[in-house]
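Right, one structure below, let's go through it.
The values are calculated or read from the model by the stated rules, or taken from the named source; none is laboratory data. Since the model is a prediction, treat every value here as computed from it, not as a measurement. Neighbour counts run over all protein chains shown; Cβ positions are idealised from the backbone, glycine included.
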Amino acid sequence: MNSKTWLKKWIILLIFLIVVSFFLIFYLNTYKNVPLRFTNSISFDAKLSFLKNTNKLEDVEIIIIGSSMGLNNINTEILSEKLGDKILNLSSWGLKVNEIFDFMKILDLSNVKKIIYLNQYFDFYGESIKPYNFQDVKNYLYDNSYFIAYFNTFNSLSKNLKDYLGWERRYLNKTKYSDLGFNKYGDIGLKINEENSSQDRWNAITDITKLNNHFDSFEDMLKYLREKNIDFYFVTTPYREIFFSEDKFVSQYNTYQNKIYDLNKVYSFKYINLQKILNLSDVYFADSSHLNFKGSRLVSKKLLKSIIK
């Protein structure tokens, strides 16, 4: 068999594998809800897929946003009882404030009246979920542009195929931190308590002392929202009370809180510190900073009172 014949067979095989791969991606995305990929964050990509499939972005009037603090530490259904049903949770794991601002800038906010940002001190520090291109995200969400998403998913297929095939087992389980089974509003209530919590996570403190901060991006966000005349609610979610007896944690927390106080003097947003208001016991936590389902409901009821008072 000559070299031209071999080359022809290899090309045919390569084309076959590419076609099969794209059919597999289509199947996983359409029938198993495995998200198309834009970043190295499966949670963010899953949220984009959720937003695309629910088709609620154009009508939304209230946006909840944040890292997993916004994803797991709130029950949006409770808020909707008084604030209406046009409310959507855009949060996902690990979103830093600079990424949240980038995300906001590609969204159509013309009907949005309120944005509720749930966070903790560590959301203002550290690395982002790069690589990402929010223009590609915008094209996907609003213009039905799938090419980049399919191309990125194809590139990730060999590395992540095992996770994709085991999607339900790994990512649709309320007793695991990895749960990505969004409710109709886009949040996730964790069915985790101290007994079945990871002890490493239960006792975790995020050390921010050597990390870059993103307060400049936050200030830019505040200016942006003020120009758009959108009410902004800045919500500090609870941390396990035991850590407030540790000097290192308190120092990091106070640095964050003082900076927020200073910015609030300038921009007059609505600051709701649920740590101070609630002082929750451990029974409401899934780990050091994530609330369980019971905790998220309690926080939501208190937050709702603060918003409508």
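Give the stretch 8-50 a look and list any residue that's touching a helix residue (DSSP H, G or I) at 6+ places or on another chain (Cβ under 9 Å), modelled with pLDDT under 75 and of a type in the set (A, V, I, L, M), or say none. Once the filter is applied, which keeps residues that are touching a helix residue (DSSP H, G or I) at 6+ places or on another chain (Cβ under 9 Å), modelled with pLDDT under 75 and of a type in the set (A, V, I, L, M), the stretch 8-50 yields Ile18, Leu24, Ile25, Leu28.
Filtering Leu161, Leu157 for residues that are of a type outside the set (Lys, Arg), out of contact with any helix residue (DSSP H, G or I) (no Cβ under 8 Å at 6 or more places or on another chain) and modelled with pLDDT under 90 leaves a single hit, Leu161. The residues listed here are Leu7, Leu79, Leu36, Leu28; of these, the one that is of a type outside the set (Phe, Trp, Tyr) and more than 25 Å from Lys174 (Cβ to Cβ) is Leu7.
One line per residue, one yes/no per condition, for (1) without any contact (Cβ under 8 Å) to a residue 24 or more places away in the chain; (2) under 18 Å from Ile62 (Cβ atoms); (3) assigned to a loop (DSSP other than H, G, I, E, B); (4) in contact with a Phe, Trp or Tyr (Cβ under 7 Å, 6 or more places away or on another chain):
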{"position": "Arg226", "(1), (2), (3), (4)": "no, yes, no, yes"}
{"position": "Asn229", "(1), (2), (3), (4)": "yes, yes, yes, no"}
{"position": "Tyr256", "(1), (2), (3), (4)": "no, no, no, yes"}
{"position": "Ser296", "(1), (2), (3), (4)": "no, yes, no, no"}
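Please verify whether the stretch 189-211 includes one or more residues that are aromatic (Phe, Trp, Tyr), part of a strand (DSSP E or B) and over 30 Å from Thr30 (Cβ atoms). No: the stretch 189-211 contains no residue that is aromatic (Phe, Trp, Tyr), part of a strand (DSSP E or B) and over 30 Å from Thr30 (Cβ atoms). Can you find a residue in the stretch 195-205 that is polar (S, T, N, Q) and either at pLDDT 90 or above or under 19 Å from Asn258 (Cα atoms) (or both)? For the stretch 195-205, residues polar (S, T, N, Q) and either at pLDDT 90 or above or under 19 Å from Asn258 (Cα atoms) (or both): absent. Would you be able to say whether some residue in the stretch 53-61 is closer than 15 Å to Val235 by Cα and surrounded by fewer than 21 Cβ atoms within 10 Å (Cβ to Cβ)? No, that holds for no residue.
Of the residues making up the stretch 230-268, those that are under 22 Å from His214 (Cα atoms), of a type in the set (Phe, Trp, Tyr) and surrounded by fewer than 18 Cβ atoms within 10 Å (Cβ to Cβ) are Tyr261, Tyr267. Please work out which residue is nearest to the chain's Cα centre (by Cα), limiting yourself to the stretch 61-85 and to residues that are in a loop (DSSP other than H, G, I, E, B) and either at pLDDT below 95 or among the small types (Gly, Ala, Ser) (or both). Going through the qualifying residues, I end up with Ser67. Looking only at residues that are among the aliphatic types (A, V, I, L, M) and surrounded by fewer than 19 Cβ atoms within 10 Å (Cβ to Cβ) in the stretch 79-108, which one is farthest from Leu57 (Cα to Cα)? Taking the candidates together, the pick is Leu83. For the stretch 217-224, does any single residue satisfy the condition of being outside any helix (DSSP H, G or I) and surrounded by 16 or more Cβ atoms within 10 Å (Cβ to Cβ)? No: the stretch 217-224 contains no residue that is outside any helix (DSSP H, G or I) and surrounded by 16 or more Cβ atoms within 10 Å (Cβ to Cβ). It is to be established whether one or more residues within the stretch 213-234 are under 18 Å from Asn72 (Cβ atoms) and modelled with pLDDT under 95. No, the stretch 213-234 contains no residue that is under 18 Å from Asn72 (Cβ atoms) and modelled with pLDDT under 95. Going through (1) part of a loop (DSSP other than H, G, I, E, B); (2) more than 17 Å from Phe232 (Cβ to Cβ); (3) among the hydrophobic types (A, V, I, L, M, F, W, C) one by one, Leu95 falls short only on (2).
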